[in-house]
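Trainee: I have a structure I would like to understand better, so I am pasting it below and will then ask my questions one at a time.
The values are calculated or read from the model by the stated rules, or taken from the named source; none is laboratory data. What you see is a predicted model; the values in this text were computed from it and never measured. For neighbour counting, all protein chains shown are included, and Cβ atoms are generated from backbone atoms with ideal geometry for every residue, glycine included. Note: areas computed on protein heavy atoms with side chains; ligands, DNA, RNA excluded. Shrake-Rupley method; radii C 1.70, N 1.55, O 1.52, S 1.80 Å.
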Amino acid sequence: MSVSQSASSSQNVWVFAELRDGVLAPVVMELLGEGRKLADTLGHKLCAVLLTGSSDSRLHSQLAGYGADRIYSAAHPLLAHYTTDGFAAVLTELILQESPEIVLFGATHVGRDLAPRIAARVNTGLTADCTSLDIDPETGNLRQTRPAFGGNLMATILCPVRRPQMSTVRPGVMDKAVFLEGRSAEIIPICPALKEEQIRTQLIQAVSETLHQVSLSEARVIVSGGLGLGGPEGYELLKKLAGRLGGTIGASRAAVDAGWIDPTRQVGQTGTTVKPDVYIACGISGAIQHLAGMKGSKIIIAINTNREAPIFEVADYGLVGDYKEVIPAILERLERTIS
Amino acid sequence: MKMIVCVKQVPDTAEVRIDPVTHTMIRDGVPSILNPEDANALEESLRIKDRHPGAKVIALTMGPPQAQAMLRECLAMGADEAVLLTDRAVAGADTWATANTIASAIRALGGAELIFVGRQAIDGDTAQVGPQLAERLGLPQVTYVQKLTTLEDGLLQVERRMEQGYEVLRVRTPVLLSAVKELNAPRCLSILGICEAYEKEIKILSIQDLDITPADTGLNASPTKVYRTFTPKTERAGVLWEEDAGRMAGKLLTALREKHVI
């Protein structure tokens, strides 16, 4: 059954250049950042693999700018949209032909559909959803670390014999590669011999969904603000985060009393008692009356500049800092993850 | 239509606690459950059966003898048959070896028009066995299925969940589908169903019944090896960070993802 490749003949670190509506998915920049470190440690080239409906020089210069030394660019009308069968066929053939040492995919809905199919076909190991990658200095093997048991345990996985070593990498974790304008890469054009009958799924429609606001008591996620916001305008930032997490905004009594926000938003003993999956308290010191209305939340996150604030005593995650800095940082990382 | 649903008995990871002294996982007393998204896969197969009398649903698992308790639950939900593949030779298999083994068991059962799996198991969270199984069986796959409609004979229309929306796809059977929790709400067990489940026989397979050898399965055949395991420190409740906003944001999102809340 096994026709996998031996470790001795393989070389180079590959990154699958996943596209979203024709542009590079943010995780690709993260894979190139991480791939660069691995390639440098091994003394290998960093290669991007791009599958498109037609050759796209703009994407080539982006991948080169983010550090790809070589770009395998496969263009075929049947690759214009992702399909498991089409992409797996082209990538498998390329892997068997070029024998990469390491192949990295984003742990996205596409990456997690594609990578296992290819790993099974080339009979090598695959480690899912890695949050840390490094090279064992003695063996040169890739050490792939990932959470298991609902995050209760971390495991470091090796694929010591078979090649390539394949991982899917969790989006939003690795540092992005730095873009350098005008960097060039070797382009290897690939013309795959793909036939329509090889692709067994038919795409009828791709639907985009937008997020909408939800009510306080039904919300799975509540982002709440208090006097520490400094003024009513602070809620705009909270709304952004709430919208992004599919939740809604709440407030402390002090902020409502100050007239910064509508009373229907008040969380606490005299307001609404809430039990969302996630409660994010921003600039809320944590008066008992507020705590009474939200302490049943599954996960409590507190963001406050005062490290002595009582809210931190009930928080699962306390972030000592200014919400004006912390929330944009969270939003930026969420953006990287999703698109 | 013949359907095989691949199920797994898993520890309820929501009940797993970390020993505050040794920082190791406490598994004692943690209940074993039918993996939640496998229940969605089973439910959808049962709904197809409800619409198409004469259809047959087989629940298949690979695991230790104790997994029979979970198979009884599948029978009580309405599965027609339950099959346990159990053998010391398959123990410690990674996803590659697991897929080889389950594919072989499916062949031993004569194959099926629809192979339904849960997207991922909550103990490993890999989501790899489904696609690897489809590859071994030479079947097309659709993962992250959130809606399923049966059209004319042998043609399915499915919605595949994506990060920001979904795709509508059509595919012909035989096919492998992986279910996400949005697909349905699994039915409750009825008293009658539970009584009937204990009258049904669970079929037991060992590696002798399969067309694979120990070179294709188990710990030694697995291409991946666990090098070490450790308990993450940052995931403990009640942590306080005081550092650069970007770093705190990164730590927070990692923690929330590991708890499957975002």
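Trainee: What's the total number of residues in the range B:218-248 that are assigned to a loop (DSSP other than H, G, I, E, B) and either loosely packed, with under 14 Cβ neighbours inside 10 Å or modelled with pLDDT under 95 (or both)?
Mentor: First pass over the range B:218-248, keeping only residues assigned to a loop (DSSP other than H, G, I, E, B): B:222-224, B:231-238, B:242-244.
Now drop any that are not either loosely packed, with under 14 Cβ neighbours inside 10 Å or modelled with pLDDT under 95 (or both), which leaves B:231-238, B:242-244.
Result for the range B:218-248: 11.
Trainee: Can you report the number of residues in the range A:19-36 which are open to solvent by less than 10 Å² (accessible area, probe 1.4 Å) and charged (D, E, K, R)?
Mentor: Residues meeting the conditions: 1.
Trainee: Let me ask something else about it. List the strands (runs of 3 or more DSSP E) inside the range A:223-325, counting only whole elements, that have at least 1 residues being among the polar types (S, T, N, Q). Before the answer, list the steps.
Mentor: Values: elements: A:248-251, A:278-282, A:299-304, A:317-320.
Hits in the range A:223-325: A:248-251, A:299-304.
Trainee: Can you find a residue in the range A:52-65 that is among the basic types (Lys, Arg), touching a residue at least 40 places away in the same chain (Cβ under 8 Å), more than 7 Å from every other protein chain (Cβ to nearest Cβ) and open to solvent by 20 Å² or more (accessible area, probe 1.4 Å)? Please lay out each step first, then the result.
Mentor: Residues of the range A:52-65 that are among the basic types (Lys, Arg), as a first pass: A:58.
Remaining after also requiring touching a residue at least 40 places away in the same chain (Cβ under 8 Å): none.
No, the range A:52-65 contains no residue that is among the basic types (Lys, Arg), touching a residue at least 40 places away in the same chain (Cβ under 8 Å), more than 7 Å from every other protein chain (Cβ to nearest Cβ) and open to solvent by 20 Å² or more (accessible area, probe 1.4 Å).
Trainee: Let me ask something else about it. Would you check if A:ILE299 is modelled with pLDDT of 85 or more and over 15 Å from A:GLY228 (Cα atoms)? Outline the logic, then answer.
Mentor: Numbers: modelled with pLDDT of 85 or more: yes; over 15 Å from A:GLY228 (Cα atoms): yes.
It is true that A:ILE299 is modelled with pLDDT of 85 or more and over 15 Å from A:GLY228 (Cα atoms).
Trainee: Sticking with this one: Does A:THR84 count as touching a strand residue (DSSP E or B) at 6+ places or on another chain (Cβ under 6 Å), in contact (Cβ under 8 Å) with a residue 60 or more places away in the chain and at the interface with chain B (Cβ under 9 Å from one of its Cβ atoms)? Walk me through how you get there before you give the answer.
Mentor: Details: touching a strand residue (DSSP E or B) at 6+ places or on another chain (Cβ under 6 Å): yes; in contact (Cβ under 8 Å) with a residue 60 or more places away in the chain: yes; at the interface with chain B (Cβ under 9 Å from one of its Cβ atoms): yes.
Yes, satisfied.
Trainee: For the range A:132-202, which fully contained strands (runs of 3 or more DSSP E) count at least 1 residues that are assigned by TED's automatic domain parsing to the domain that holds A:LEU94 and buried (at least 21 other Cβ atoms within 10 Å of the Cβ)?
Mentor: By residue number, A:132-135, A:142-148, A:153-158, A:165-169.
Trainee: Looking for whichever is open to solvent by 80 Å² or more (accessible area, probe 1.4 Å) and either more than 21 Å from A:THR145 (Cβ to Cβ) or at pLDDT below 95 (or both) here; the options are B:LYS251, B:LYS200, B:LYS181. Which one fits? Steps first, please.
Mentor: Numbers: B:LYS251 fails: open to solvent by 80 Å² or more (accessible area, probe 1.4 Å); B:LYS200 fails: open to solvent by 80 Å² or more (accessible area, probe 1.4 Å).
Checking each option against the conditions leaves just B:LYS181.
Trainee: Another question, then. Please go through the range B:155-167 and give me each residue that is surrounded by 15 or more Cβ atoms within 10 Å (Cβ to Cβ) and within 19 Å of B:PHE116 (Cβ to Cβ), ordered by number.
Mentor: B:LEU156, B:GLN157, B:VAL158, B:GLU159, B:ARG160, B:ARG161, B:TYR166, B:GLU167
Trainee: Quick one: would you say A:GLY283 is open to solvent by 10 Å² or more (accessible area, probe 1.4 Å), more than 11 Å from every other protein chain (Cβ to nearest Cβ), farther than 30 Å from A:SER208 by Cβ and touching a helix residue (DSSP H, G or I) at 6+ places or on another chain (Cβ under 6 Å)?
Mentor: Details: open to solvent by 10 Å² or more (accessible area, probe 1.4 Å): yes; more than 11 Å from every other protein chain (Cβ to nearest Cβ): yes; farther than 30 Å from A:SER208 by Cβ: yes; touching a helix residue (DSSP H, G or I) at 6+ places or on another chain (Cβ under 6 Å): yes.
For A:GLY283, the condition - open to solvent by 10 Å² or more (accessible area, probe 1.4 Å), more than 11 Å from every other protein chain (Cβ to nearest Cβ), farther than 30 Å from A:SER208 by Cβ and touching a helix residue (DSSP H, G or I) at 6+ places or on another chain (Cβ under 6 Å) - is met.
Trainee: Which members of the range B:59-82 meet the condition of being over 20 Å from B:SER190 (Cβ atoms), surrounded by fewer than 23 Cβ atoms within 10 Å (Cβ to Cβ) and not polar (S, T, N, Q)?
Mentor: Listed by number, the residues that qualify are B:GLY63, B:PRO64, B:PRO65, B:ALA67.
Trainee: Which numbered condition trips up B:MET3, out of (1) under 16 Å from the mean Cα position of the chain (by Cα); (2) assigned to a loop (DSSP other than H, G, I, E, B)?
Mentor: The failed condition is (2).
Trainee: Pairs needed: first member in the range A:25-43, at negative phi; second member anywhere, assigned to a helix (DSSP H, G or I) and open to solvent by less than 10 Å² (accessible area, probe 1.4 Å); C-beta distance under 8 Å; at least 6 residues apart or different chains.
Mentor: Matching pairs, first to second residue: A:VAL27/A:GLY111; A:VAL28/A:LEU63; A:LEU32/A:LEU63.
Trainee: Then there's this: Which condition from (1) open to solvent by less than 40 Å² (accessible area, probe 1.4 Å); (2) touching a residue at least 24 places away in the same chain (Cβ under 8 Å) is the one that A:GLY318 breaks?
Mentor: For A:GLY318, the failing item is (2).
Trainee: If you take the residues of the range A:37-93 that are of a type in the set (Gly, Ala, Ser) and part of a strand (DSSP E or B), which of them is nearest to A:ALA206 (Cα to Cα)?
Mentor: To start, the set of residues in the range A:37-93 that are of a type in the set (Gly, Ala, Ser) comprises A:39, A:43, A:48, A:53-55, A:57, A:61, A:64-65, A:67-68, A:73-75, A:80, A:86, A:88-89.
Now restrict to residues that are part of a strand (DSSP E or B): A:48, A:73-75.
Numbers: A:ALA48: 26, A:SER73: 24, A:ALA74: 23, A:ALA75: 21 Å.
Residue satisfying both the conditions and the ranking: A:ALA75.
Trainee: Another question about this same structure. For the range B:90-116, enumerate the residues that are more than 25 Å from A:ARG163 (Cβ to Cβ) and part of a loop (DSSP other than H, G, I, E, B).
Mentor: Hits for the range B:90-116 are B:ALA91, B:LEU109, B:GLY110, B:GLY111, B:ALA112, B:GLU113.
Trainee: Out of B:LEU177, B:LEU139, report the one residue that is under 22 Å from the mean Cα position of the chain (by Cα) and touching a residue at least 40 places away in the same chain (Cβ under 8 Å).
Mentor: Numbers: B:LEU139 fails: touching a residue at least 40 places away in the same chain (Cβ under 8 Å).
That would be B:LEU177, the only listed residue that is under 22 Å from the mean Cα position of the chain (by Cα) and touching a residue at least 40 places away in the same chain (Cβ under 8 Å).
Trainee: Here are some conditions: (1) crowded, with 18+ Cβ neighbours inside 10 Å; (2) touching a residue at least 40 places away in the same chain (Cβ under 8 Å). A:THR264 meets all but one. Which one does it not meet?
Mentor: (1)
Trainee: If B:MET248 passes every condition in (1) more than 30 Å from B:GLU163 (Cα to Cα); (2) in contact with a helix residue (DSSP H, G or I) (Cβ under 7 Å, 6 or more places away or on another chain); (3) within 14 Å of another protein chain (Cβ to nearest Cβ) but one, which one does it miss?
Mentor: (1)
Trainee: Could I ask something else about it? Residues of the range B:125-168 being in a helix (DSSP H, G or I) and either of a type in the set (Gly, Ala, Ser) or outside the structural domain of B:ARG107 (by TED's automatic domain parsing) (or both), which ones?
Mentor: Step one: of the range B:125-168, the residues in a helix (DSSP H, G or I) are B:129-137.
Scanning the range B:125-168 gives B:GLY130, B:ALA134.
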